[in-house]
1. Looking at region 116-124, is at least one residue part of a loop (DSSP other than H, G, I, E, B), open to solvent by 50 Å² or more (accessible area, probe 1.4 Å) and either without any contact (Cβ under 8 Å) to a residue 12 or more places away in the chain or not charged (D, E, K, R) (or both)?
2. Is it the case that region 88-106 has a residue that's open to solvent by 70 Å² or more (accessible area, probe 1.4 Å) and modelled with pLDDT of 90 or more?
3. If you check residue 127 against the conditions, is it in a strand (DSSP E or B), of a type in the set (Phe, Trp, Tyr), open to solvent by 70 Å² or more (accessible area, probe 1.4 Å) and modelled with pLDDT under 95?
Amino acid sequence: VSQSRYFQQYEYNLTPYLNYQASPQLKMVLRAYLTGFDARQELSVKNVVGNYDDRFRQSFHRLENQTDWQIRKQSAFTIGAGNILETVASNRYDSLSTKRSNNISYLFLQHEETIFPKLMLVAGFRYDANKAYASVGSPKLALQYRYNDNLSFNLSYGRGIVTGNRSEEHTSEL
């Protein structure tokens, strides 16, 4: 049984973006997502002399550019690229001075085509170059039938990657 004698936590979140409309058919957005978390607590354990100082620092920074092109009324194309940098330092797993990080660069594209007034086909692909896990390409194919404004039916196929959980990420070499 342990008891927390002291707890302190700081967090920040920032989501700036810049929109640019080059023409009625072409628009671009540059966006970022920056977040960080720093927590410290002092734990005292029953029947144990001394306290345990628990520190955890984590950051996630993403920068992405997306371009949308309305080719014609029934056809649209999206392309984008970005980079994610994740870092963590904690004395739970190692020395607080040991910072672990992962860098992921990615590229995505998608095409939407209205086949009939109520039927849309979506085809897309995303490639992630992940430094900590395998790099992978993820295809997507979907159909959407809009019966009316309140009811639609979707059929979708996609493939992706599932990475390890936070404990696995920070106890293994990144």
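The values are calculated or read from the model by the stated rules, or taken from the named source; none is laboratory data. On a predicted model such as this, the values are computed, not experimentally measured, just so you know. Here Cβ is always computed from backbone atoms with ideal geometry, including for glycine, and neighbour counts include all displayed protein chains. SASA here: full protein model, heavy atoms, side chains in, ligands and nucleic acids out. Shrake-Rupley method; radii C 1.70, N 1.55, O 1.52, S 1.80 Å.
1. Yes, the conditions are met somewhere in region 116-124.
2. No - not one qualifying residue is present in region 88-106.
3. Here the answer is no, as residue 127 does not meet what is asked.
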